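Bear in mind these aren't lab numbers, they're just calculated from the coordinates by the rules spelled out. The model shown is predicted, which means the values in this text are computed figures rather than measured ones. Reconstructed Cβ throughout: ideal geometry from the backbone, glycine too, with neighbour counts over all protein chains shown.
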Amino acid sequence: MSRFRSACARSWREDSGLLREAMASHGFVTVAQRAEVPAGEIKYVEVNGIPIALCNVEGAIYAVGNICSHDAGPLSGGFLDGYAIECPRHGARFDVRDGKVVCLPAAVPIPTYPVQLDGETITVKVS
Ligand code: FES
């Protein structure tokens with residue numbers, strides 16, 4: 001029985017490694033562990049030099065561009081209110097699901113990026 005468990009554990013680890021490699025080959029890059037982005041919080045990360053705000057809305061992780069489209073405020077310095085991320089500079093709000101403006105003074109959406117979870121690991125694709 002323990003030999004079987006050991007074989008299963010090794011197979012699972014090998015499969016996880018293959019999954020990570022497959023995701024990396026499709027442009028997904030590891031950016032953080034889930035524990036680093038608690039519910040209701042924002043974490044700043046960079047992927048290939050692109051500044052990103054990771055947002056945890058009730059356990060779901062979203063990745064948006066960190067630069068406010070109004071006047072380049074750092075969105076990761078703001079806060080989350082439901083699905084809205086608010087810029088700390090002048091209060092513009094964006095929907096983290098699609099980047100659309102939900103409150104002025106911004107008028108232009110921010111980029112959003114695909115997120116995948118590999119266990120506790122958060123990966124983001126920017127290309
Ligand atoms: S820079 Fe973000 S609202 Fe002005």
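Backbone amide hydrogens, once placed in the peptide plane, bring Cys103 within less than 5 Å of Arg93, excluding anything fewer than 5 places away on its chain.
Packing order of peptides 110-123, 83-96, 35-48, highest average first: 83-96, 110-123, 35-48 (average count of other Cβ atoms within 10 Å over each peptide's residues).
Shown in residue order for region 31-43 are the 3J(HN,Hα) couplings computed by the Karplus curve 6.51 cos²θ - 1.76 cosθ + 1.60 at θ = phi - 60°: 10, 5, 9, 3, 4, 7, 10, x, 3, x, 10, 10, 10 Hz (x for Gly and Pro). Average 1/r across all pairs of distinct alpha carbons in region 27-125, invert it, and you get the Kirkwood radius: 13.0 Å.
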